[in-house]
Amino acid sequence: MSNAIEAKGKSIVCFEIVVHNDDRKKIEKETVRFAKNTKIFNTRPVIIKPDSGAENLVPIVTESLKKFGFHLIGCQTEKQHPESVAKTEKREITAVHKTIRSGQSYEIDGDMVLFGNLNSGAEIKATGNIVILGNNSGIVHAGANGNEGAVIFSMKLLSPQIRIADKVARAPRENRAEIEPEIAFLSSGTIIVQSYSDWLIRNEKLNLGI
């Protein structure tokens with residue numbers, strides 16, 4: 001394989017960046033080159049997919065792409081821990097390009113990607129994952145059909161209520177003025193909210209059995 005990394009169109013709203021090489025220096029160099037020359041991708045969610053043997057270099061790719069404004073929403077490896085990622089069976093992805101205002105609600109069969117804000121008093125319910133590329137101040141329910149592997153991704157999580165399957169929680173109450181993208185997921189029956197970077201590191205440790 002000539003390129004250490006490459007991009008593939010996973011869906012209309014999501015791209016997949018495949019890591020082919022386990023050479024750290026080559027990955028670092030090509031990731032920066034790729035990020036500078038393919039800015040079209042940084043307006044859409046991105047999933048990183050390392051080939052077998054390249055899983056340990058995912059954090060390097062992640063940090064490089066984040067510096068160039070890419071919205072990374074997940075990592076898919078060949079060896080997956082049941083808690084580390086959402087279920088990977090094919091689901092429909094619904095994209096909404098607007099701000100959802102108070103009193104409005106969406107109920108989706110599959111995954112939903114919102115390119116905008118979810119205002120206070122608005123609600124989203126989906127049987128799959130919910131990705132909000134904006135502020136999340138509304139009520140969100142992922143895995144509404146009982147899927148405990150579903151996740152909720154937000155650029156800024158301020159929601160008064162988040163649900164995954166039949167579990168309920170709310171965003172942490174601490175000062176949220178300076179915050180990075182976050183993910184809410186289920187672990188041992190409890191909803192956990194983590195920064196995306198911490199979640200990705202946790203995910204890779206689980207996948208690698210660390």
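Taken together, the values in this text are just the output of simple stated rules run on the coordinates, not laboratory data. Keep in mind it's a predicted model, so treat the numbers as computed, not measured. Positions of Cβ are backbone-derived with ideal geometry, glycine not excepted, and every protein chain shown enters the neighbour counts.
A few remarks follow.
- Going from the fewest other Cβ atoms within 10 Å to the most, the residues Tyr106, Tyr196 appear in the order Tyr106, Tyr196.
- Shown for Ile108, Ile192: other C-beta atoms within 10 Å of each C-beta, ranked fewest to most, produce the order Ile192, Ile108.
- Computed extension gain for Asp51 through Asp109, at 0.36 nm per residue and net of the alpha carbon distance, reaches 17.9 nm.
- Contact order relative to length of the stretch 93-195, as percent, for alpha carbon pairs under 8 angstrom and 6 or more apart: 18 percent
- Antiparallel beta bridges, as assigned by DSSP with both residues in the stretch 93-195, represent about 30 percent of the total such bridges.
- Scalar couplings 3J(HN,Hα) for the stretch 182-187, obtained by applying the Karplus form with A = 6.51, B = -1.76, C = 1.60 to θ = phi - 60°, are 10, 10, 10, 8, 8, 9 Hz; x denotes Gly and Pro.
- Compactness of the stretch 93-195, expressed as Rg and Dmax over alpha-carbon positions, Å: 12.1, 34
- For the listed peptides 156-168, 92-104, a ranking on the average number of other beta carbons within 10 Å per residue, highest first, reads 156-168, 92-104.
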